[in-house]
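Notes follow the structure.
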Amino acid sequence: MKHLLAIRDLSPADLEDILAMSEESAAKPFADKGVALYFEKPSARTRNSMEMAVAQLGGHPVYLQKDELGIGLRESVEDVTRTLACFHAIAAGRVKDHRLLTAMAAVNALPVLNMLSDTDHPLQALADLLTIRQLCGRIEGVKVAFVGDANNNVARSLAEGCTLLGAELITASPAGYELQDPPAGVRQLADPVEAVAGADIVYTDVWVSMGQDREAERRRAACSAYQVDAALMAHAPDAFFLHCLPARRGEEVTAEVIDGPRSVIWQQAENRMHSARGALQWLLKD
Ligand code: CP
Ligand code: NVA
């Protein structure tokens, strides 16, 4: 049984397969199949793109909230997972603790798909890679600079995806905010100017992720020198700007950059739906 909890679970061939299936015209391989979409955190892009992707594949999405399902409280993780398998072809989850997805996957009752955890955001990375390929015509050899809080779910999945497909990933972050256990080949720098020099893609994410509100003040102070603004983008004259969204204009990025001509955030957001189709089809393949 296949699961998709993190990009590092994939081989380069798997990743290429998913990207190819993201761009294929929609057949209806999910006819009569359900997909459970379980959310412990808010979402605009992930819920909408997943619901639309399931519908485009001919399946039926069912949105489930934390209190309603009561995993581990009302019922054990194993019993909830087995129950979902009675009705659904895939269980997708957005969770506070990645270990819940690991526990659901260990039941092996149905494929489990990570829609964001504290450590990983593989669906975002799939959309990011698709976007990079559309913009640059290739992924191998592309230089991607991630600026800001690099020890986060989006940066980790992006780093793993870039590494698998031969793109160069460079981070620029303050001390203590470097990506932990990065894939081999990732360069971690302190200087954002050095990181973005010659970049094809400049990428950032919020400094305060969901669930980190208690650390907000400390995080904003630590990351304040890592805002992506016009002056930083001037050091990467050929780069496109990417952001997973939601964004906080005036914090990790200025409005001038994110709403400017080099920003491709809406193309990137739309690609969440196309790459969700790729991930869903890959999970059911074979
Ligand atoms: N990028 C992303 O996952 O957005 P949402 O949190 O709105 O789903
Ligand atoms: N790092 C962000 C990503 C949101 C899509 C968070 O976890 O809140």
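Annotations
- Restricting the range 42-56 to residues that are open to solvent by less than 10 Å² (accessible area, probe 1.4 Å) and over 14 Å from the mean Cα position of the chain (by Cα), the residue that is farthest from ligand 1 (Cβ to nearest atom): Val54
- Residue check for Glu23: more than 18 Å from Leu283 (Cβ to Cβ), open to solvent by 70 Å² or more (accessible area, probe 1.4 Å) and either at pLDDT below 95 or in contact with a Phe, Trp or Tyr (Cβ under 7 Å, 6 or more places away or on another chain) (or both): no
- Residue within the range 202-214 that is farther than 17 Å from Asn151 by Cβ and open to solvent by less than 10 Å² (accessible area, probe 1.4 Å) present: yes
- Qualifying residue in the range 208-227 (condition: closer than 30 Å to Arg47 by Cβ, touching a strand residue (DSSP E or B) at 6+ places or on another chain (Cβ under 7 Å) and modelled with pLDDT of 95 or more): yes
- Scan of the range 57-72 for residues that are more than 16 Å from ligand 1 (Cβ to nearest atom), open to solvent by 60 Å² or more (accessible area, probe 1.4 Å) and at pLDDT 95 or above, ordered by number: His60
- The set of residues from the range 127-155 being in contact (Cβ under 8 Å) with a residue 12 or more places away in the chain, within 15 Å of Asp200 (Cα to Cα), open to solvent by 10 Å² or more (accessible area, probe 1.4 Å) and not aliphatic (A, V, I, L, M) comprises Arg133, Gln134, Cys136, Glu140, Gly141, Lys143.
- Scope the range 244-278; condition assigned to a helix (DSSP H, G or I), buried (at least 22 other Cβ atoms within 10 Å of the Cβ) and either within 16 Å of ligand 2 (Cβ to nearest atom) or aromatic (Phe, Trp, Tyr) (or both); matching residues: Gln268, Asn271, Arg272, Ser275, Ala276
- Of all residue pairs spaced 6 or more apart or on separate chains, those with beta-carbon atoms under 9 Å, a first member in the range 249-276 that is in contact (Cβ under 8 Å) with a residue 12 or more places away in the chain and a second member that is part of a helix (DSSP H, G or I) and among the acidic types (Asp, Glu) are Gln268/Asp128; Asn271/Asp128; His274/Glu23; Ser275/Asp128.
- Of Thr131, Thr171, all but one fail to be modelled with pLDDT of 95 or more and outside any helix (DSSP H, G or I); the exception is Thr171.
- Residue ranges of strands (runs of 3 or more DSSP E) in the range 1-117 with at least 1 members aliphatic (A, V, I, L, M) and within 16 Å of ligand 2 (Cβ to nearest atom): 34-39, 88-94, 112-114
- Long-range neighbours under 6 Å by Cβ, at least six apart or interchain, first residue polar (S, T, N, Q) within the range 180-201, second assigned to a strand (DSSP E or B): Gln188/Thr171
- For the range 218-243, the candidate set comprises residues that are free of Cβ contacts under 8 Å to residues at least 24 places away in the same chain and part of a helix (DSSP H, G or I); within that set, the residue that is nearest to Gln267 (Cα to Cα) is Ala231.
- Of all positions in the range 119-140, at least one carries a residue that is more than 16 Å from ligand 1 (Cβ to nearest atom), in contact with a Gly (Cβ under 6 Å, 6 or more places away or on another chain) and charged (D, E, K, R).
- Leu100 passes every criterion in (1) closer than 20 Å to Arg47 by Cβ; (2) free of Cβ contacts under 8 Å to residues at least 24 places away in the same chain; (3) aliphatic (A, V, I, L, M) apart from (2).
- Number of the exception - Val208 against (1) more than 23 Å from the chain's Cα centre (by Cα); (2) over 17 Å from Ile170 (Cβ atoms): (1)
- Test result for Gln124, part of a helix (DSSP H, G or I), surrounded by fewer than 24 Cβ atoms within 10 Å (Cβ to Cβ) and in contact (Cβ under 8 Å) with a residue 40 or more places away in the chain: no
- For Leu158, the criteria (1) aliphatic (A, V, I, L, M); (2) farther than 29 Å from Ala13 by Cβ; (3) crowded, with 24+ Cβ neighbours inside 10 Å hold in every case but one, which is (2).
The values are calculated or read from the model by the stated rules, or taken from the named source; none is laboratory data. Treat the numbers as computed from the prediction; the structure is a model and nothing was measured. A quick note on method: Cβ atoms are made from the backbone with ideal geometry, for glycine too, and the neighbour counts reach across all protein chains shown. Calculation scope for accessible area: heavy atoms of the full protein, side chains included, ligands and nucleic acids excluded. Shrake-Rupley method; radii C 1.70, N 1.55, O 1.52, S 1.80 Å.
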